[in-house]
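The values are calculated or read from the model by the stated rules, or taken from the named source; none is laboratory data. Everything numeric in this text was worked out from a predicted model, so none of it was measured. For neighbour counting, all protein chains shown are included, and Cβ atoms are generated from backbone atoms with ideal geometry for every residue, glycine included.
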Amino acid sequence: MLQEKIKLINKDFSFEIKSIKDAKQLDDLRVKYFSKNGLVPSLFALLKEATSKEKPLLGKILNEFRTDLQNQFDNVNSQLNDIKNTNLNKLDLTLPGVISNIGSKHILTQTLDEIKFIFKGMGFSVHEGPELESDYNNFEALNFAQDHPARDMQDTFFVSDDFVLRTHTSPVQIRLMKKQKPPVRAIMPGRVYRNEAVSSRSYCMFHQVEGLYVDTDVTFAELKGTLASFAKQFYGDDLKFRFRPSFFPFTEPSAEMDITCFICKGDGCKICKQSGWLEILGCGMVDPNVFDNVGYDNEKYTGYAFGMGIERIAMLKFGITDIRVFFENDYRFLKQF
Ligand code: PHE
């Protein structure tokens, strides 16, 4: 009787244990066979009904049977644990995370953004003009006469007899004044081109920001105040600067603004040619002839203009000594900003 039951249970158990796929199924099996009211303990209960003669043998058979099932169960259990562990081991939790490099704006864009921010704060709007410009806007309207030697100040890329790659952003002044009546208060950033030998100090293409303010009673003192305020906001409050007389055909009087050399702090070195000063921009009061050329009443209006090179401004701020690095896209340079 008992032995037959053992056979049947053994058959079922062997069948079921083979189809176990996960811990849940294995636990169901455990409950069915090994728990307090499970099939195996119920066999032991039957032992009570055996005669005292049969008992030792049946007891031995039952014990062996139970051990056998328990071993099979333990085997499957440890196989499932192995699978679980190897899956876990595939994940190396000590590996460093994946770091993605976040790009940044080019240093020239960052510099221009800062220049725009400062001048917008002083009431300037932002305008742009084309890089391909008429000879008239680039030179003539700006008071460079056809045979004026000042045309040689800037080596020009001529595209045709009448068109040039603009050599400065000053022609955008002309375009703006032709479009808009005073008051005008704007900055005009953009690319400019010069037919110069490429070196650490000059490149055939660079960027400028032009500034123009026209209204009644605009004075040179306002020009100085505005540029001083810009330079201090851009370079820091302790900046030293000076205005030096200069010449441009489209401004009169004209000046250049210098700041203390960033390398030698004014003592004199190779970069500043021993002067202790570095030029950062050209400026002046708009020449009455220019007002004439755009149809502004030069008896009624005065104005100032200025122009600065963005590369130069950035080189002085960050201590960059070769203009070519702005255009080489060397990651080692770019990632520093
Ligand atoms: N256009 C001049 C240059 O490129 C700079 C300048 C602009 C000077 C406006 C005076 C007024 O050198």
Among (1) outside the structural domain of P41 (by TED's automatic domain parsing); (2) in contact (Cβ under 8 Å) with a residue 24 or more places away in the chain; (3) out of contact with any Asp or Glu (no Cβ under 6 Å at 6 or more places or on another chain), the one test that N143 misses: (3)
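Give the residue that is surrounded by the most Cβ atoms within 10 Å (Cβ to Cβ), with candidates limited to residues of the range 159-175 that are aliphatic (A, V, I, L, M) and away from the ligand (no atom under 13 Å from the Cβ).
Filtering the range 159-175 down to residues aliphatic (A, V, I, L, M) leaves 159, 164-165, 172, 174.
Then keep just the ones that are away from the ligand (no atom under 13 Å from the Cβ); that gives 159, 164-165.
Working: V159: 12, V164: 23, L165: 20.
Among those that are aliphatic (A, V, I, L, M) and away from the ligand (no atom under 13 Å from the Cβ), it is V164.
Considering the range 245-268 alone, what residues qualify as being within 11 Å of the ligand (Cβ to nearest atom) and closer than 22 Å to Y235 by Cα?
Keep residues of the range 245-268 that are within 11 Å of the ligand (Cβ to nearest atom), which gives 246-257.
Hits for the range 245-268 are A255, E256, M257.
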Any hit, the range 164-184, residues being among the small types (G, A, S), assigned to a loop (DSSP other than H, G, I, E, B) and in the same structural domain as F119 (by TED's automatic domain parsing): no
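Only residues that are within 34 Å of the chain's Cα centre (by Cα) and surrounded by fewer than 20 Cβ atoms within 10 Å (Cβ to Cβ): list them for the range 279-302, please. Spell out the reasoning first.
Initially, the range 279-302 is screened for residues within 34 Å of the chain's Cα centre (by Cα), giving 279-283.
Across the range 279-302, the qualifying residue is only E279.
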Matching residues in the range 207-242 - criterion: being part of a strand (DSSP E or B) and either among the aliphatic types (A, V, I, L, M) or within 12 Å of the ligand (Cβ to nearest atom) (or both): H207, Q208, V209, E210, G211, L212, Y213, V214
Residue under evaluation K116, criteria (1) in the same structural domain as G309 (by TED's automatic domain parsing); (2) free of Cβ contacts under 8 Å to residues at least 40 places away in the same chain; (3) of a type in the set (D, E, K, R); (4) assigned to a helix (DSSP H, G or I), criterion not met: (2)
Long-range neighbours under 8 Å by Cβ, at least six apart or interchain, first residue in contact (Cβ under 8 Å) with a residue 12 or more places away in the chain within the range 262-273, second assigned to a loop (DSSP other than H, G, I, E, B) and hydroxyl-bearing (S, T, Y): I271/T321
